[in-house]
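Accompanying notes for the structure given below.
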C-alpha cells in the first residue's frame, strides 16, 4: 500500500492528483500541520524537513512534489505517464517537470515579496523571461509532449493552475487554456473531490 502523508492545504493536494493519474491503491494519512504534527519526532524520522507531501511506498520514502510525481510515473505508469527510458522526449519531460519547482515557484515568490536579487545569480532570471519561457512549453500544443498527457503536465501544469488560482502569475491565454484542458482530466476531478472531502471531514472549511 502506498501512503501519502497529507494535508489538503499543502502541496500534498497535488500529490493526490498524481496518485489518481497512476491508478495505484493508496491511503491518505492526515497530518494536522496546524497543530504542529509535521514537526513531531515520528514524522521527522520520515522527513527531517517536516514537510508535506511525504510518500511511503513499502520501505521507500519519497519527498518533494516533483520527485513524487516522477517516481510514481516511472514505477506505476512507465510508457504512458512517463516516456520510455530510451525515448528522447524524456529530456523534455524532465526539463519542464523540474522547471516548476526550481524556477516557477521561487520566481513567483520573489515577485510577490519583491525580493531584491541580481538577475544573473538566480535560476529564474527575471519575471517576464520566466513567463515567456513557461508559455513556450505548451504554446501550440495540447500538453508538454504534444497530444500525449504525462506526469510533467501534473507537475508543471499543476503549478500553473495553483498560481493562477492565487493570482501569483499573469493569466495569459496560453496558461488559462492549458489549465482548462487539465481540468477536464477525470483524475484531477477525483482528486478535487477527495481534497474537498478531507477539508469537510476535518472542519477546515470553518477555519
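The values are calculated or read from the model by the stated rules, or taken from the named source; none is laboratory data. Keep in mind it's a predicted model, so treat the numbers as computed, not measured. Cβ sites come from the backbone with ideal geometry, for glycine too, and all protein chains shown count toward neighbours.
Checking residue 198 against (1) part of a helix (DSSP H, G or I); (2) free of Cβ contacts under 8 Å to residues at least 12 places away in the same chain; (3) over 16 Å from the mean Cα position of the chain (by Cα), which single condition isn't satisfied?
Exception for residue 198: condition (2).
Filter region 175-202 down to the residues that are outside the structural domain of residue 148 (by TED's automatic domain parsing) and more than 19 Å from residue 151 (Cβ to Cβ) and list them by number.
193, 196, 197, 198, 199, 200, 201, 202
Consider residue 164 carefully, then state whether it is out of contact with any strand residue (DSSP E or B) (no Cβ under 9 Å at 6 or more places or on another chain), touching a residue at least 12 places away in the same chain (Cβ under 8 Å) and surrounded by fewer than 18 Cβ atoms within 10 Å (Cβ to Cβ). I'd like the intermediate steps shown before the answer.
On the way: out of contact with any strand residue (DSSP E or B) (no Cβ under 9 Å at 6 or more places or on another chain): yes; touching a residue at least 12 places away in the same chain (Cβ under 8 Å): yes; surrounded by fewer than 18 Cβ atoms within 10 Å (Cβ to Cβ): yes.
Yes.
It is to be established whether one or more residues within region 148-159 are at pLDDT 95 or above, in contact with a helix residue (DSSP H, G or I) (Cβ under 9 Å, 6 or more places away or on another chain) and farther than 24 Å from residue 64 by Cα.
yes
Against the definition (at pLDDT 95 or above, surrounded by fewer than 17 Cβ atoms within 10 Å (Cβ to Cβ) and not assigned by TED's automatic domain parsing to the domain that holds residue 161), how does residue 57 come out, yes or no?
no
Could you check region 195-205 and list, in sequence order, the residues that are surrounded by fewer than 18 Cβ atoms within 10 Å (Cβ to Cβ) and in contact with a helix residue (DSSP H, G or I) (Cβ under 6 Å, 6 or more places away or on another chain)?
If the condition is that a residue be surrounded by fewer than 18 Cβ atoms within 10 Å (Cβ to Cβ) and in contact with a helix residue (DSSP H, G or I) (Cβ under 6 Å, 6 or more places away or on another chain), then 199, 205 are the ones that fit.
Quick one: would you say residue 46 is surrounded by 13 or more Cβ atoms within 10 Å (Cβ to Cβ), more than 18 Å from the chain's Cα centre (by Cα), without any contact (Cβ under 8 Å) to a residue 60 or more places away in the chain and within 20 Å of residue 24 (Cβ to Cβ)?
On the way: surrounded by 13 or more Cβ atoms within 10 Å (Cβ to Cβ): yes; more than 18 Å from the chain's Cα centre (by Cα): yes; without any contact (Cβ under 8 Å) to a residue 60 or more places away in the chain: yes; within 20 Å of residue 24 (Cβ to Cβ): yes.
So residue 46 fits the description; yes.
Listed residues 93, 71; which is part of a helix (DSSP H, G or I), under 27 Å from residue 27 (Cα atoms) and modelled with pLDDT of 95 or more?
71 is the lone residue from the list that is part of a helix (DSSP H, G or I), under 27 Å from residue 27 (Cα atoms) and modelled with pLDDT of 95 or more.
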